[in-house]
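In what follows, a structure is listed as C-alpha coordinates, so that the remarks can point back to it.
The values are calculated or read from the model by the stated rules, or taken from the named source; none is laboratory data. Keep in mind that what you see is a predicted model, and the values were worked out from it rather than measured. FYI the Cβ positions are ideal-geometry reconstructions off the backbone, even for glycines, and counts take in every protein chain you see. All accessible areas refer to the heavy atoms of the entire protein, side chains included, with ligands and DNA or RNA removed. Shrake-Rupley method; radii C 1.70, N 1.55, O 1.52, S 1.80 Å.
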Amino acid sequence: MTSLSAGEGAPIDILIVGAGPAGLTAGMYLARYRRDVRIVHDGRSRALWVPRSRNIPGFPDGIVGADLIVRMSDHATRYGAEIVEGRVVEIARDEDRALFRARLDSGAVIAARGLILATGVDTNLARLDSGDHQAAVRSGVLRYCPICDGFEHSDQRIAVLGSDLHGAAEAMFLRQYSRDVTLIPKWQVALTDKPRGELAASGVDVLEGRVLRLEATEEAMFVAIEGEAAPRRFDTLYPAFGSTPRSELAAMLGPLTDPNGCIPFSAFSDGLLPGVYAAGDVLEGLDQISVATGQGAMAATRLHNWLRDQDGHVMADQK
Ligand SMILES: Cc1cc2nc3c(=O)[nH]c(=O)nc-3n(C[C@H](O)[C@H](O)[C@H](O)COP(=O)(O)OP(=O)(O)OC[C@H]3O[C@@H](n4cnc5c(N)ncnc54)[C@H](O)[C@@H]3O)c2cc1C
(Lines give C-alpha, C1' and ligand atoms only; values in the text may rest on other atoms or scores of the structure.)
Protein backbone atom coordinates (compact mmCIF):
# COMPACT_ATOMS: atom_id res chain seq x y z
CA MET A 1 0.00 0.00 0.00
CA THR A 2 2.75 2.46 0.80
CA SER A 3 4.09 1.87 -2.72
CA LEU A 4 0.73 3.06 -4.03
CA SER A 5 0.81 6.43 -2.29
CA ALA A 6 3.55 8.13 -4.39
CA GLY A 7 2.02 10.72 -6.75
CA GLU A 8 -1.22 10.86 -4.79
CA GLY A 9 -3.58 13.87 -4.67
CA ALA A 10 -5.85 14.84 -1.78
CA PRO A 11 -8.37 12.11 -0.90
CA ILE A 12 -11.79 12.35 -2.52
CA ASP A 13 -15.09 10.94 -1.24
CA ILE A 14 -15.71 8.30 -3.89
CA LEU A 15 -13.87 6.72 -6.78
CA ILE A 16 -15.92 4.97 -9.46
CA VAL A 17 -14.10 2.68 -11.87
CA GLY A 18 -16.05 2.52 -15.15
CA ALA A 19 -17.94 5.02 -17.28
CA GLY A 20 -20.61 2.80 -18.72
CA PRO A 21 -24.31 3.10 -17.77
CA ALA A 22 -23.63 1.76 -14.24
CA GLY A 23 -20.68 4.01 -13.37
CA LEU A 24 -22.15 7.13 -14.96
CA THR A 25 -25.47 6.70 -13.16
CA ALA A 26 -23.67 6.21 -9.85
CA GLY A 27 -21.56 9.29 -10.59
CA MET A 28 -24.59 11.43 -11.36
CA TYR A 29 -26.37 10.34 -8.16
CA LEU A 30 -23.29 10.93 -6.02
CA ALA A 31 -22.66 14.34 -7.55
CA ARG A 32 -26.26 15.23 -6.71
CA TYR A 33 -25.59 14.02 -3.15
CA ARG A 34 -22.85 16.70 -3.29
CA ARG A 35 -20.08 14.14 -3.00
CA ASP A 36 -16.60 14.73 -4.35
CA VAL A 37 -16.72 11.93 -6.98
CA ARG A 38 -14.30 10.91 -9.71
CA ILE A 39 -15.07 8.42 -12.48
CA VAL A 40 -12.07 6.72 -14.10
CA HIS A 41 -12.51 4.72 -17.30
CA ASP A 42 -10.44 3.30 -20.13
CA GLY A 43 -12.95 3.74 -22.94
CA ARG A 44 -14.22 0.14 -23.10
CA SER A 45 -17.92 0.51 -22.26
CA ARG A 46 -19.87 -2.19 -24.06
CA ALA A 47 -22.62 0.39 -24.52
CA LEU A 48 -20.34 2.00 -27.15
CA TRP A 49 -20.95 -1.11 -29.25
CA VAL A 50 -24.73 -0.85 -29.23
CA PRO A 51 -25.80 0.10 -32.78
CA ARG A 52 -29.22 1.29 -31.60
CA SER A 53 -30.91 0.06 -28.48
CA ARG A 54 -34.67 -0.18 -28.50
CA ASN A 55 -35.25 -1.57 -25.01
CA ILE A 56 -34.19 1.40 -22.92
CA PRO A 57 -37.28 2.86 -21.24
CA GLY A 58 -38.22 6.28 -22.64
CA PHE A 59 -36.57 5.76 -26.05
CA PRO A 60 -39.23 4.00 -28.16
CA ASP A 61 -37.38 4.86 -31.40
CA GLY A 62 -34.14 3.67 -29.87
CA ILE A 63 -30.88 5.38 -29.11
CA VAL A 64 -27.35 4.75 -30.38
CA GLY A 65 -25.19 3.44 -27.52
CA ALA A 66 -22.43 6.04 -28.02
CA ASP A 67 -25.02 8.85 -27.90
CA LEU A 68 -26.39 7.46 -24.65
CA ILE A 69 -22.89 7.49 -23.13
CA VAL A 70 -22.39 11.13 -24.23
CA ARG A 71 -25.73 12.11 -22.64
CA MET A 72 -25.02 10.22 -19.44
CA SER A 73 -21.50 11.71 -19.19
CA ASP A 74 -22.93 15.23 -19.66
CA HIS A 75 -25.54 14.50 -17.01
CA ALA A 76 -22.97 13.38 -14.45
CA THR A 77 -20.50 16.21 -15.12
CA ARG A 78 -23.22 18.86 -15.12
CA TYR A 79 -23.77 18.15 -11.42
CA GLY A 80 -20.06 18.08 -10.61
CA ALA A 81 -18.76 14.55 -11.19
CA GLU A 82 -15.27 14.48 -12.68
CA ILE A 83 -14.55 12.00 -15.48
CA VAL A 84 -10.94 10.98 -16.07
CA GLU A 85 -9.56 8.70 -18.78
CA GLY A 86 -7.07 6.06 -17.65
CA ARG A 87 -6.83 2.42 -16.65
CA VAL A 88 -6.82 1.44 -13.00
CA VAL A 89 -4.09 -1.18 -12.72
CA GLU A 90 -3.89 -1.69 -8.97
CA ILE A 91 -6.16 -1.13 -6.03
CA ALA A 92 -5.70 -1.66 -2.29
CA ARG A 93 -7.09 -0.58 1.02
CA ASP A 94 -5.24 0.92 3.99
CA GLU A 95 -4.80 -1.38 6.93
CA ASP A 96 -6.79 1.05 9.10
CA ARG A 97 -9.50 0.79 6.38
CA ALA A 98 -9.78 4.57 6.06
CA LEU A 99 -8.91 4.91 2.36
CA PHE A 100 -8.79 2.98 -0.89
CA ARG A 101 -5.85 3.74 -3.13
CA ALA A 102 -6.03 3.15 -6.87
CA ARG A 103 -3.04 3.40 -9.19
CA LEU A 104 -3.63 4.36 -12.81
CA ASP A 105 -1.52 3.31 -15.80
CA SER A 106 -0.17 6.88 -15.87
CA GLY A 107 1.30 6.33 -12.39
CA ALA A 108 -1.16 8.72 -10.73
CA VAL A 109 -2.75 7.51 -7.49
CA ILE A 110 -6.28 8.34 -6.39
CA ALA A 111 -7.19 7.99 -2.72
CA ALA A 112 -10.89 7.71 -1.86
CA ARG A 113 -13.06 6.88 1.14
CA GLY A 114 -15.48 4.79 -0.89
CA LEU A 115 -15.28 2.75 -4.09
CA ILE A 116 -17.70 1.60 -6.78
CA LEU A 117 -16.57 -1.01 -9.28
CA ALA A 118 -18.58 -0.73 -12.51
CA THR A 119 -16.05 -2.40 -14.75
CA GLY A 120 -18.39 -4.50 -16.92
CA VAL A 121 -17.47 -7.62 -18.90
CA ASP A 122 -15.65 -8.44 -22.13
CA THR A 123 -17.81 -10.01 -24.80
CA ASN A 124 -16.17 -13.13 -26.20
CA LEU A 125 -16.13 -12.25 -29.89
CA ALA A 126 -16.45 -14.32 -33.05
CA ARG A 127 -13.65 -14.09 -35.60
CA LEU A 128 -14.80 -13.20 -39.09
CA ASP A 129 -12.88 -14.54 -42.08
CA SER A 130 -14.20 -11.80 -44.31
CA GLY A 131 -15.92 -8.49 -43.61
CA ASP A 132 -15.33 -5.94 -40.87
CA HIS A 133 -16.43 -7.03 -37.40
CA GLN A 134 -17.51 -3.59 -36.16
CA ALA A 135 -19.35 -2.81 -39.39
CA ALA A 136 -21.18 -6.16 -39.11
CA VAL A 137 -22.29 -5.28 -35.54
CA ARG A 138 -23.37 -1.82 -36.69
CA SER A 139 -25.48 -3.18 -39.55
CA GLY A 140 -27.01 -5.92 -37.37
CA VAL A 141 -25.83 -8.98 -39.34
CA LEU A 142 -23.72 -9.88 -36.31
CA ARG A 143 -25.39 -9.74 -32.90
CA TYR A 144 -24.33 -10.55 -29.37
CA CYS A 145 -27.43 -10.12 -27.22
CA PRO A 146 -30.71 -11.90 -28.07
CA ILE A 147 -32.47 -10.22 -25.14
CA CYS A 148 -31.48 -6.81 -26.54
CA ASP A 149 -32.31 -7.24 -30.21
CA GLY A 150 -34.00 -10.59 -30.92
CA PHE A 151 -37.18 -8.62 -31.58
CA GLU A 152 -35.50 -6.80 -34.48
CA HIS A 153 -35.04 -10.16 -36.24
CA SER A 154 -38.62 -11.36 -35.97
CA ASP A 155 -39.43 -13.86 -38.73
CA GLN A 156 -35.93 -13.66 -40.22
CA ARG A 157 -33.32 -16.40 -40.83
CA ILE A 158 -31.27 -16.55 -37.65
CA ALA A 159 -28.11 -18.56 -36.94
CA VAL A 160 -26.63 -19.19 -33.50
CA LEU A 161 -22.96 -20.11 -33.40
CA GLY A 162 -22.17 -22.40 -30.48
CA SER A 163 -21.96 -26.07 -29.78
CA ASP A 164 -22.86 -26.36 -26.10
CA LEU A 165 -25.84 -25.84 -23.80
CA HIS A 166 -25.32 -22.07 -23.80
CA GLY A 167 -25.71 -22.02 -27.58
CA ALA A 168 -28.72 -24.36 -27.39
CA ALA A 169 -30.44 -22.14 -24.82
CA GLU A 170 -29.81 -19.05 -26.94
CA ALA A 171 -31.24 -20.78 -30.02
CA MET A 172 -34.35 -21.80 -28.06
CA PHE A 173 -34.76 -18.23 -26.81
CA LEU A 174 -34.57 -16.84 -30.35
CA ARG A 175 -37.10 -19.41 -31.52
CA GLN A 176 -39.78 -17.16 -29.97
CA TYR A 177 -39.00 -14.62 -32.67
CA SER A 178 -38.62 -16.78 -35.73
CA ARG A 179 -39.43 -20.27 -37.04
CA ASP A 180 -36.12 -20.24 -38.90
CA VAL A 181 -33.42 -20.69 -36.26
CA THR A 182 -30.32 -22.83 -36.85
CA LEU A 183 -27.73 -23.84 -34.27
CA ILE A 184 -24.31 -24.14 -35.85
CA PRO A 185 -21.42 -25.71 -33.98
CA LYS A 186 -18.13 -23.86 -33.99
CA TRP A 187 -16.23 -27.13 -33.90
CA GLN A 188 -18.53 -30.06 -33.13
CA VAL A 189 -21.85 -30.37 -31.36
CA ALA A 190 -21.38 -31.16 -27.66
CA LEU A 191 -25.00 -31.86 -26.79
CA THR A 192 -26.57 -34.92 -25.22
CA ASP A 193 -29.78 -36.46 -26.54
CA LYS A 194 -31.97 -34.52 -24.10
CA PRO A 195 -31.18 -30.96 -25.28
CA ARG A 196 -31.08 -32.22 -28.85
CA GLY A 197 -34.61 -33.56 -28.37
CA GLU A 198 -35.76 -30.26 -26.89
CA LEU A 199 -34.28 -28.31 -29.77
CA ALA A 200 -35.91 -30.63 -32.30
CA ALA A 201 -39.29 -30.38 -30.54
CA SER A 202 -39.23 -26.60 -30.68
CA GLY A 203 -38.18 -26.58 -34.32
CA VAL A 204 -34.55 -25.44 -34.05
CA ASP A 205 -32.30 -26.97 -36.72
CA VAL A 206 -28.96 -28.31 -35.51
CA LEU A 207 -26.18 -28.57 -38.06
CA GLU A 208 -23.47 -31.15 -37.48
CA GLY A 209 -20.76 -29.90 -39.85
CA ARG A 210 -17.97 -27.66 -38.60
CA VAL A 211 -17.89 -23.99 -39.59
CA LEU A 212 -15.17 -23.36 -42.16
CA ARG A 213 -15.71 -19.68 -42.86
CA LEU A 214 -17.76 -16.70 -41.65
CA GLU A 215 -18.28 -13.87 -44.09
CA ALA A 216 -20.21 -10.70 -43.29
CA THR A 217 -21.64 -8.42 -45.95
CA GLU A 218 -23.80 -5.35 -45.34
CA GLU A 219 -27.00 -7.36 -45.78
CA ALA A 220 -26.27 -10.88 -44.54
CA MET A 221 -23.93 -13.35 -42.90
CA PHE A 222 -22.63 -16.22 -45.01
CA VAL A 223 -21.54 -19.38 -43.23
CA ALA A 224 -19.54 -22.06 -45.03
CA ILE A 225 -20.09 -25.47 -43.44
CA GLU A 226 -17.85 -28.49 -43.86
CA GLY A 227 -19.24 -30.86 -46.47
CA GLU A 228 -21.68 -28.36 -47.99
CA ALA A 229 -21.28 -27.10 -51.57
CA ALA A 230 -22.27 -23.45 -50.98
CA PRO A 231 -22.24 -21.14 -47.96
CA ARG A 232 -25.55 -20.70 -46.15
CA ARG A 233 -27.04 -17.21 -45.97
CA PHE A 234 -28.50 -15.86 -42.72
CA ASP A 235 -30.04 -12.47 -41.96
CA THR A 236 -28.13 -12.40 -38.71
CA LEU A 237 -25.78 -14.53 -36.64
CA TYR A 238 -25.49 -14.65 -32.85
CA PRO A 239 -22.21 -16.08 -31.53
CA ALA A 240 -23.05 -17.69 -28.16
CA PHE A 241 -19.60 -17.56 -26.59
CA GLY A 242 -20.56 -15.75 -23.38
CA SER A 243 -18.50 -13.06 -21.74
CA THR A 244 -15.60 -12.64 -19.32
CA PRO A 245 -16.13 -10.43 -16.24
CA ARG A 246 -13.61 -7.62 -15.74
CA SER A 247 -13.27 -8.45 -12.07
CA GLU A 248 -9.47 -8.26 -11.57
CA LEU A 249 -9.78 -5.17 -9.36
CA ALA A 250 -12.38 -6.83 -7.13
CA ALA A 251 -10.07 -9.82 -6.77
CA MET A 252 -7.29 -7.50 -5.52
CA LEU A 253 -9.51 -6.47 -2.59
CA GLY A 254 -10.47 -9.94 -1.41
CA PRO A 255 -12.10 -13.23 -2.39
CA LEU A 256 -15.13 -11.53 -3.92
CA THR A 257 -15.69 -13.39 -7.16
CA ASP A 258 -17.46 -16.66 -7.91
CA PRO A 259 -15.76 -19.48 -9.89
CA ASN A 260 -16.83 -17.77 -13.14
CA GLY A 261 -15.14 -14.51 -12.12
CA CYS A 262 -18.49 -12.79 -11.53
CA ILE A 263 -19.10 -10.73 -8.43
CA PRO A 264 -22.09 -12.01 -6.44
CA PHE A 265 -24.30 -9.12 -5.39
CA SER A 266 -24.15 -10.29 -1.77
CA ALA A 267 -20.35 -9.82 -1.70
CA PHE A 268 -20.97 -6.11 -1.57
CA SER A 269 -23.24 -5.94 1.42
CA ASP A 270 -21.70 -3.60 4.00
CA GLY A 271 -20.94 -6.42 6.39
CA LEU A 272 -18.56 -8.18 4.03
CA LEU A 273 -16.60 -5.31 2.58
CA PRO A 274 -17.52 -1.92 3.98
CA GLY A 275 -17.23 1.01 1.62
CA VAL A 276 -17.17 -1.01 -1.60
CA TYR A 277 -20.02 -1.57 -4.01
CA ALA A 278 -20.28 -2.96 -7.51
CA ALA A 279 -22.87 -2.34 -10.22
CA GLY A 280 -23.70 -3.40 -13.74
CA ASP A 281 -22.53 -6.29 -15.89
CA VAL A 282 -19.62 -7.19 -13.60
CA LEU A 283 -22.18 -8.40 -11.06
CA GLU A 284 -23.87 -11.73 -11.69
CA GLY A 285 -27.30 -11.26 -13.24
CA LEU A 286 -28.94 -9.78 -16.31
CA ASP A 287 -26.47 -7.79 -18.45
CA GLN A 288 -28.68 -4.92 -19.52
CA ILE A 289 -28.46 -1.13 -19.52
CA SER A 290 -31.61 -0.69 -17.39
CA VAL A 291 -30.24 -3.11 -14.80
CA ALA A 292 -26.85 -1.36 -14.80
CA THR A 293 -28.42 2.06 -14.23
CA GLY A 294 -30.63 0.71 -11.43
CA GLN A 295 -27.68 -0.93 -9.72
CA GLY A 296 -25.62 2.24 -10.19
CA ALA A 297 -28.29 4.27 -8.39
CA MET A 298 -28.46 1.70 -5.59
CA ALA A 299 -24.71 1.48 -5.14
CA ALA A 300 -24.41 5.27 -5.05
CA THR A 301 -27.16 5.69 -2.48
CA ARG A 302 -25.94 2.90 -0.22
CA LEU A 303 -22.39 4.19 -0.33
CA HIS A 304 -23.49 7.76 0.35
CA ASN A 305 -25.47 6.56 3.36
CA TRP A 306 -22.55 4.44 4.54
CA LEU A 307 -20.32 7.54 4.51
CA ARG A 308 -23.00 9.55 6.32
CA ASP A 309 -23.09 6.82 8.93
CA GLN A 310 -19.29 6.88 9.28
CA ASP A 311 -19.53 10.62 9.86
CA GLY A 312 -22.30 10.28 12.45
CA HIS A 313 -25.01 11.81 10.25
CA VAL A 314 -27.52 8.94 10.34
CA MET A 315 -30.10 8.68 13.12
CA ALA A 316 -29.42 5.61 15.24
CA ASP A 317 -32.91 4.08 14.77
CA GLN A 318 -32.68 4.45 10.96
CA LYS A 319 -29.59 2.31 10.51
C1 LIG B 1 -23.39 -5.43 -29.33
C2 LIG B 1 -24.10 -5.16 -28.02
C3 LIG B 1 -25.40 -4.70 -28.04
C4 LIG B 1 -26.08 -4.45 -26.84
N5 LIG B 1 -27.36 -3.98 -26.89
C6 LIG B 1 -28.00 -3.69 -25.74
C7 LIG B 1 -29.35 -3.19 -25.76
O8 LIG B 1 -29.94 -2.97 -26.82
N9 LIG B 1 -29.96 -2.98 -24.56
C10 LIG B 1 -29.34 -3.22 -23.36
O11 LIG B 1 -29.94 -2.99 -22.30
N12 LIG B 1 -28.07 -3.69 -23.32
C13 LIG B 1 -27.38 -3.92 -24.47
N14 LIG B 1 -26.10 -4.42 -24.42
C15 LIG B 1 -25.47 -4.65 -23.09
C16 LIG B 1 -25.00 -3.32 -22.48
O17 LIG B 1 -24.08 -2.70 -23.36
C18 LIG B 1 -24.38 -3.56 -21.12
O19 LIG B 1 -25.30 -4.25 -20.29
C20 LIG B 1 -24.00 -2.25 -20.44
O21 LIG B 1 -23.07 -1.52 -21.22
C22 LIG B 1 -23.41 -2.55 -19.05
O23 LIG B 1 -23.02 -1.36 -18.43
P24 LIG B 1 -21.83 -1.36 -17.36
O25 LIG B 1 -21.71 0.06 -16.94
O26 LIG B 1 -22.03 -2.41 -16.36
O27 LIG B 1 -20.52 -1.81 -18.19
P28 LIG B 1 -19.81 -1.14 -19.52
O29 LIG B 1 -20.81 -0.30 -20.20
O30 LIG B 1 -19.20 -2.25 -20.23
O31 LIG B 1 -18.74 -0.19 -18.84
C32 LIG B 1 -17.62 -0.70 -18.17
C33 LIG B 1 -16.66 0.45 -17.91
O34 LIG B 1 -15.57 0.01 -17.09
C35 LIG B 1 -14.35 0.53 -17.61
N36 LIG B 1 -13.25 -0.28 -17.08
C37 LIG B 1 -13.15 -1.63 -16.92
N38 LIG B 1 -12.01 -1.98 -16.32
C39 LIG B 1 -11.35 -0.81 -16.08
C40 LIG B 1 -10.11 -0.49 -15.48
N41 LIG B 1 -9.30 -1.44 -14.96
N42 LIG B 1 -9.72 0.83 -15.43
C43 LIG B 1 -10.52 1.79 -15.92
N44 LIG B 1 -11.72 1.55 -16.49
C45 LIG B 1 -12.12 0.26 -16.57
C46 LIG B 1 -14.56 0.52 -19.12
O47 LIG B 1 -13.68 1.40 -19.78
C48 LIG B 1 -16.02 1.03 -19.17
O49 LIG B 1 -16.03 2.45 -19.09
C50 LIG B 1 -25.41 -4.68 -25.59
C51 LIG B 1 -24.09 -5.16 -25.58
C52 LIG B 1 -23.42 -5.39 -26.79
C53 LIG B 1 -22.01 -5.89 -26.75
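What does the highest-first list of 144-157, 194-207 look like by mean Cβ count within 10 Å?
Details: 144-157: 16.6, 194-207: 14.9.
In decreasing order of mean packing, 144-157, 194-207 become 144-157, 194-207.
What is the Cα centroid distance between the stretch 87-132 and the stretch 162-181, reported in whole angstrom?
Cα centres, the stretch 87-132 to the stretch 162-181: 34 Å.
As a test of the formula, what do you get for the chain when each DSSP H run with n ≥ 4 contributes -39,500 (n - 2.57) and the sum is divided by the residue count, at 222 nm and rounded to the nearest 500 deg cm²/dmol?
So the helix-based figure for the chain works out to -8000 deg cm²/dmol.
Pop a pseudo-label 7 angstrom from the Cα along the beta-carbon direction at both LEU212 and ALA98 and give the gap in nm to one decimal.
6.9 nm
Taking the chain as the reference, fit the longest principal axis to its C-alpha atoms, fit the long axis of helix 193-202 to the helix C-alpha atoms, and give the angle between the two in degrees, 0 to 90, nearest 10.
Roughly 80 degrees, rounded to the nearest 10.
Between GLU198 and ASP258, what is 0.36 nm times their sequence separation minus the Cα-Cα distance? Round to one decimal in nm. Before the final figure, lay out each step's value.
Values: separation 60, 0.36 × 60 = 21.60 nm, distance 2.97 nm.
Value of the extension gain: 18.6 nm.
Between ARG44 and GLN176, 0.36 nm times their residue separation minus their Cα-Cα distance comes to what? Each step should come with its number before you reach the end.
On the way: separation 132, 0.36 × 132 = 47.52 nm, distance 3.16 nm.
Between ARG44 and GLN176, full extension yields an extra 44.4 nm.
Where does the stretch 125-239 land on the Kirkwood hydrodynamic radius, alpha-carbon pairs, in angstrom?
Values: mean 1/r = 0.0720 Å⁻¹.
Averaging 1/r across every pair of different Cα atoms and inverting gives 13.9 Å.
What is the gain in length, in nm to one decimal, between HIS75 and ARG308 on full extension, counting 0.36 nm per residue of separation less the C-alpha to C-alpha distance? Intermediate values should be presented prior to the final figure.
Values: separation 233, 0.36 × 233 = 83.88 nm, distance 2.40 nm.
Length difference between fully extended and current span is 81.5 nm.
Just by accessible area at a 1.4 angstrom probe, what is the order of ARG32, ARG210, ARG232 from largest to smallest?
Working: ARG32 135, ARG210 95, ARG232 70 Å².
The most accessible residue leads, giving ARG32, ARG210, ARG232.
Can you send over the solvent-accessible area of THR217, 1.4 Å probe, protein chains only, in Å² to the nearest 10?
Answer for THR217: close to 50 Å² accessible.
Quick check: at a probe of 1.4 Å, how many percent of the accessible area of the stretch 125-239 sits on carbon and sulfur atoms?
Details: 2940 of 5890 Å².
The nonpolar share, carbon plus sulfur, comes to 50 percent.
Would you report the distance distribution of C-alpha pairs in the chain as whole percents per 20 angstrom bin, up to the bin with the largest distance?
The percentages, shortest bin first, are 30, 48, 21, 1.
How charged is the neighbourhood of GLY86? Take every other residue with its Cβ under 11 Å from the Cβ of GLY86, and add Lys/Arg as +1 and Asp/Glu as -1.
Working: positive: ARG38, ARG87, ARG103; negative: ASP42, GLU85, ASP105.
That works out to 0.
Taking the Cα atoms only, what angle lies between the long axis of helix 289-310 and the longest principal axis of the chain, rounded to 10 degrees?
20 degrees
So for the stretch 125-239, averaging the separation of alpha carbon pairs under 8 Å that are six or more residues apart and normalising by length, what relative contact order in percent results?
Values: 236 pairs, mean separation 38.4, N = 115.
Computed value for the stretch 125-239: 33 percent relative contact order.
For the chain, take the longest principal axis of its alpha carbons; what is the angle in degrees between that and the long axis of helix 65-78, to the nearest 10 within 0 to 90?
10 degrees
List, in order, the whole-Hz ³J(HN,Hα) value for each residue of the stretch 9-24 obtained from phi through the Karplus relation with A = 6.51, B = -1.76, C = 1.60 and θ = phi - 60°; use x for Gly and Pro.
The phi angles translate into x, 5, x, 9, 5, 9, 9, 10, 9, x, 10, x, x, 5, x, 6 Hz.
Roll a 1.4 Å probe over the protein chains and send me the accessible area per residue for the chain in Å². Intermediate results must be reported in sequence, preceding the final value.
Numbers: 15560 Å² over 319 residues.
Result: 49 Å² of accessible area for each residue.
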